[in-house]
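I have placed the structure first, in the form of structure tokens, so that the comments after it can refer back to it.
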Amino acid sequence: MPAADSALKRLAEAYEKKEVKFLEAYFDCLRIPSVSSEPRYRDDMRECARWLVEHLSGAGFEARLWETGGHPVVFAESGPAEPSRPTVLIYNHYDVQPVDPVEAWETPPFEPTVRDGQVYARGAVDNKGQCLYVIQALKTLLDLDGRLPVKVKLCIDGEEESASPGLSKIVKDHGPELAADHLLLVDGGFASLESPSVGVGVRGIVSLRVEVVGSRGDLHSGTHGGVVYNPLHALVEILGRLRDEEGRITVPGFYDEVAALTEEERRQFDFHFNAARYEARFGARPVGGERAYGPRESGTIRPTLEINGLAGGYGGDGFKTVIPARARANLSCRLVPNQDPEVIGGLVADFIKLQAPEGVEVRVSINPGMGRAVRNRPDAAVVQAAAQAYQDVLGRPCGFRLGGGSIPIMPLLMEASGAKAVLMGLSLDQDNVHAPNEHFGLDRLKMGCLTLARTLELLAET
Ligand SMILES: [Zn+2]
């Protein structure tokens, strides 16, 4: 039997022995309504954090809470490993998304229910399922060998669903505790079990709010039309100048720091894009990016500027002949490596303010909660170990993925820990993450446990 097979068999048998107990703990955790964004769940958030500290302490970890001013972070570390072994930092989160619309749930969101091999509950996947199979992987390894193959540190965020404001603030102060060789962020997934992949990059983000003010109050369009500068017209004129007909952002300096892919990097990623499948799935044609790039490139390695919302005047049924006093827009930019969110936010804000026509006032503010992009090398040891583990467990080749989304805490954790990072996880498109009837497969809880344990075994050899 090949080495990977016998290693997996050993892990699988150990998992099966403890599966019932594991599921009990997982369900206990799912019953705690840890919704970070709603103040009425404040006490439940703390209860969930304490539950994790207890659960981890019971497994032999030294676990504690880090206060953040918001919801606490759970931090835990394993006892000393052999000094020659690397340290692995693992990131998860215990907070969940709100459950509304609650009437769309077939069973109550905080009463975990199993149907057809799927566990239905808010947080079943994101991220309590993935967090608890990580812990179960550690317990499995401890049961088998009495100690872990590497030194492990766990950082379990309580505010991921709100862009991690607390952890972002304190992460630098905890540098020595977070120090690690490898960082696993176990909060992702891929489209299907047929084609697993691990994430090596995310885009950065900065968002802005634009307000155009024309008058003290709304004005009659008969009396004032042709006299005042309509703030909505000013706004759409300004926004129209942000992009040219080639799909390029026209803000001076916007692309100056963009890190281009080297030929070698280009070979390591798959930029193939199935336009027909995309169109069938989303009812939209993938033609909105820069003309010079394909949709996969435009959506991952190029920065963007998008209008997320516009408001002003009357947009309801019928009509109302009004010249609105003010008009607003929300914008966001996805960024790529070397672009500084603060700098780009400033460039966009300056450009917009410069476009203000006479007669209106244009105000631009940059929202807090920005984040830098990350692009790691697929040949980093941590990326290779994670990909090998998926390949061993799922029996299919594992690819490397550059994501279009943003995880602001990722570059901060990398910086604080000094570790190279990989994005792991087994959530699939059909899991209804963030939606009613979120669910996770019992089979994938096991796969997750095995993948994590296998990744740590492989990292021990690096
Ligand atoms: Zn998540």
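Quick note: the coordinates plus some simple rules give every number you see, no bench work behind them. These numbers come from a predicted model, not from an experiment. Here the Cβ is made from the backbone with ideal geometry for all residues, glycine too, and neighbour counts use every protein chain on show.
Neighbours of residue 123 by Cβ distance under 9 Å: Lys/Arg scored +1, Asp/Glu scored -1, total -1. Simple rule: put +1 on each Lys or Arg Cβ and -1 on each Asp or Glu Cβ in the chain, find the dipole, and look at 359, 387, 57; the Cα lying farthest toward the positive end is 359.
Taking 12 Å as the cut-off, the amide N atoms of the stretch 427-462 that come nearer than this to a point 7 Å along the Cα-to-beta-carbon line of residue 82 belong to 460-462.
Fewest neighbouring Cβ atoms within 10 Å first, the residues 113, 87 line up as 113, 87. Shown is the FRET efficiency for residue 224 and residue 9, computed with R0 = 51 Å from the Cβ-Cβ distance and rounded to the nearest 0.05: 0.05. Spacing of the modelled spin labels on residue 354 and residue 256, each 7 Å from Cα toward Cβ, amounts to 1.1 nm.
The residue list 303, 242, 225 was ranked by how far each Cα lies along the charge dipole of the stretch 186-325 toward its positive end, using unit charges on Cβ atoms, and 225 comes out on top.
With an a/c value of 1.5 or above and a/b not larger than b/c for the gyration tensor axes a ≥ b ≥ c computed over the alpha-carbon atoms, the stretch 86-178 is described as oblate. The protection proxy used here, the mean number of other Cβ atoms lying within 10 Å of each residue, ranks peptides 315-321, 426-432, 406-412 as follows, highest first: 406-412, 426-432, 315-321. Please go through the residue pairs 169/420; 17/420; 18/420; 139/446; 21/169; 320/353 and name each one whose alpha carbons sit more than 25 Å apart in this structure. Check vs 25 Å cut-off fails for 17/420; 18/420; 21/169; 320/353. Put in line by how crowded their Cβ is, counting other Cβ atoms within 10 Å and starting with the fewest, 439, 71 read 439, 71. Available extension along the chain between residue 340 and residue 293 is 14.7 nm, counting 0.36 nm per residue and deducting the alpha carbon span. With the simple spin-label model, which puts each label point 7 Å out from Cα in the Cβ direction, the residue 308 to residue 31 separation comes to 3.7 nm.
Sequence-ordered 3J(HN,Hα) estimates for the stretch 400-405 from the Karplus curve with 6.51, -1.76 and 1.60 and θ = phi - 60° stand at 10, 10, 9, x, x, x Hz, glycine and proline given as x. Considered as an equivalent ellipsoid built on the Cα gyration tensor, the stretch 384-462 has semi-axes of 22, 20, 12 Å, the largest given first. For the chain, the membrane-span-like helix rule (DSSP H, alpha carbon extent of at least 27 Å along the helix axis, mean Kyte-Doolittle at least 0.0) picks out 442-460; this says nothing about an actual membrane. Which of 417, 433, 456 sits farthest toward the positive end of the charge dipole of the stretch 415-462, with +1 on the Cβ of Lys and Arg and -1 on the Cβ of Asp and Glu? The residue sitting most towards the positive pole is 456. For the stretch 297-358 versus the stretch 37-85, the inter-centroid distance based on Cα atoms is 39 Å.
Here the chain is treated with +1 on each Lys and Arg Cβ and -1 on each Asp and Glu Cβ, and its dipole about the Cα centre works out to around 380 debye.
Taking a ≥ b ≥ c as the square roots of the eigenvalues of the Cα gyration tensor of the stretch 49-132, is the shape rounded (a/c under 1.5), prolate (a/b larger than b/c) or oblate? Prolate.
Charge dipole of the stretch 93-199 (Cα centre as origin; +1 on each Lys and Arg Cβ, -1 on each Asp and Glu Cβ, all else neutral): 480 debye, rounded to the nearest 20. Using the Cβ of residue 300 as centre and a radius below 11 Å, the other residues enclosed give a net charge of +4, where K and R count +1 and D and E count -1. Over all pairs of different C-alpha atoms in the chain, the reciprocal of the mean inverse distance, the Kirkwood hydrodynamic radius, equals 24.0 Å. Shape class of the stretch 132-191 from the alpha-carbon gyration tensor: oblate, with a/c at 1.5 or above and b/c at least as large as a/b. Listed values for the stretch 97-104 are Karplus-derived 3J(HN,Hα) couplings in whole Hz (6.51 cos²θ - 1.76 cosθ + 1.60, θ = phi - 60°), namely 6, x, 9, 4, x, 5, 6, 7, and x replaces Gly and Pro.
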